[in-house]
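Data first, discussion second: the structure below is written as structure tokens.
The values are calculated or read from the model by the stated rules, or taken from the named source; none is laboratory data. What you see is a predicted model; the values in this text were computed from it and never measured. Using ideal geometry, Cβ is built from the backbone for each residue, glycine included, and neighbour counts are taken over all protein chains shown.
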Ligand SMILES: NC(=O)c1ccc[n+]([C@@H]2O[C@H](COP(=O)([O-])OP(=O)(O)OC[C@H]3O[C@@H](n4cnc5c(N)ncnc54)[C@H](O)[C@@H]3O)[C@@H](O)[C@H]2O)c1
């Protein structure tokens, strides 16, 4: 079995840490070692990696993907890069976009350069993008060749990095694979995002802030296990230079999502506070995941009600994880 040395950026965050725990945990591929490179911004949490810290194939490096010398050094010793690191919260990008451009665009380009100029062979580069690069659509679903029309500064920075990654394939022949996934949910998500924010507010007996009446904004919710499934298929069996949408979760309006969360918490609509919508809020996202399904055999497996119930229980049982984060971020 060939051993693969992987560099995982942003591996202390929500999805990246789940990916690392899955790959190094029981049932993982077994032929990989992983170095996590993470700056530990407010969104990065080293405790997310505690379950794999003692694994002989695990190493953690505290650093910035924009640090060219560090990145060049690290990439030299790795065969593949899985790139999660990003500023990821839309609301923060509206109040200040600079960090989004620096990390998401310049950081990605720094990694791409290191992959390209790696001594001996070039590194394979899996770029974790998002369905938000497509913008918003009223009906139907986006195929991978749909034009990119990002709305928020977050989505625009992700679209820029996504195109930068593809340009390194087209210009230099670098083995770049891009995934565009829909909204994820699951344990360890920073409590500023809607599902953990609502769950933890409800657990504290607080009101949840719903944009308008919640009918307008529709999202396709996918459990992180299914995102990881799609990423692994693309990393191991996908084609260089290709984009793969990952989705097929459950499409819900924010009102429907709120109803389910209220039910899980045993709370009623008096626990909801209607707040004005954020500027440029995309109405509906929906990715067409036919390509990854037919070409690589991807099939979303996690039932939404089951996944949401487990996620609710995880936050109920892990107050020690989220209480300090909420207090520090004044959420
Ligand atoms: N959350 C979703 O629903 C979703 C959906 C599709 C795609 N994505 C993409 O998946 C990736 C991971 O998302 P997430 O929700 O886990 O984000 P997250 O905010 O939870 O984690 C981001 C991680 O990146 C690290 N980081 C930030 N800037 C860095 C830098 N300059 N150098 C090194 N590390 C840095 C942070 O410390 C953190 O650990 C992002 O690229 C995001 O765009 C997320």
Residues satisfying the stated conditions in region 222-251, i.e. surrounded by fewer than 20 Cβ atoms within 10 Å (Cβ to Cβ) and in a strand (DSSP E or B) | 251
What do you reckon, is residue 167 assigned to a helix (DSSP H, G or I), at pLDDT 95 or above and within 13 Å of the ligand (Cβ to nearest atom)?
-> no
Those residues of region 290-331 which are outside any helix (DSSP H, G or I), at pLDDT 95 or above and in contact with a helix residue (DSSP H, G or I) (Cβ under 8 Å, 6 or more places away or on another chain), in sequence order | 297, 298, 299, 300, 301, 302
Go over the candidates 135, 186 one by one and state the one that is crowded, with 18+ Cβ neighbours inside 10 Å and touching a strand residue (DSSP E or B) at 6+ places or on another chain (Cβ under 6 Å).
-> 186
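So which strands (runs of 3 or more DSSP E) are wholly in region 9-109 and hold at least 1 residues that are near the ligand (Cβ under 8 Å from one of its atoms)?
It comes to 32-38, 80-83.
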Which residue, of 330, 313, 293, is over 30 Å from residue 201 (Cα atoms) and out of contact with any strand residue (DSSP E or B) (no Cβ under 9 Å at 6 or more places or on another chain)?
-> 293
Taking only pairs six or more apart or across chains, which ones have beta-carbon atoms under 7 Å, a first residue in region 28-50 that is free of Cβ contacts under 8 Å to residues at least 24 places away in the same chain, and a second residue that is outside any loop (DSSP other than H, G, I, E, B)?
-> 28/22
Among the residues of region 237-255, write down those that are more than 16 Å from the ligand (Cβ to nearest atom) and free of Cβ contacts under 8 Å to residues at least 40 places away in the same chain.
-> 253
Would you please list the contacts, defined by Cβ atoms under 7 Å and residues six or more apart or on different chains, that run from a residue in region 99-119 that is closer than 15 Å to residue 67 by Cβ and modelled with pLDDT of 95 or more to a residue that is within 11 Å of the ligand (Cβ to nearest atom) and assigned to a helix (DSSP H, G or I)?
-> 108/161; 110/71; 111/71; 114/71
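To keep it simple, each residue is scored yes or no on (1) touching a helix residue (DSSP H, G or I) at 6+ places or on another chain (Cβ under 7 Å); (2) buried (at least 17 other Cβ atoms within 10 Å of the Cβ).
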| position | (1), (2) |
| --- | --- |
| 68 | yes, no |
| 91 | no, no |
| 95 | no, no |
| 100 | yes, yes |
| 104 | yes, yes |
In region 47-60, anything touching a strand residue (DSSP E or B) at 6+ places or on another chain (Cβ under 7 Å) and surrounded by fewer than 17 Cβ atoms within 10 Å (Cβ to Cβ) is listed as 59
The number of residues in region 199-218 that are outside any loop (DSSP other than H, G, I, E, B) and either more than 19 Å from the chain's Cα centre (by Cα) or more than 25 Å from residue 133 (Cα to Cα) (or both) is 9
Might you check whether a residue that is outside any loop (DSSP other than H, G, I, E, B) and surrounded by 19 or more Cβ atoms within 10 Å (Cβ to Cβ) occurs anywhere in region 272-283?
-> yes
Residue that is within 19 Å of residue 227 (Cβ to Cβ) and touching a strand residue (DSSP E or B) at 6+ places or on another chain (Cβ under 9 Å), where the choices are 63, 10, 25 | 10
Restricting region 137-160 to residues that are within 22 Å of residue 85 (Cβ to Cβ) and not in a loop (DSSP other than H, G, I, E, B), the one nearest to the ligand (Cβ to nearest atom) turns out to be 158
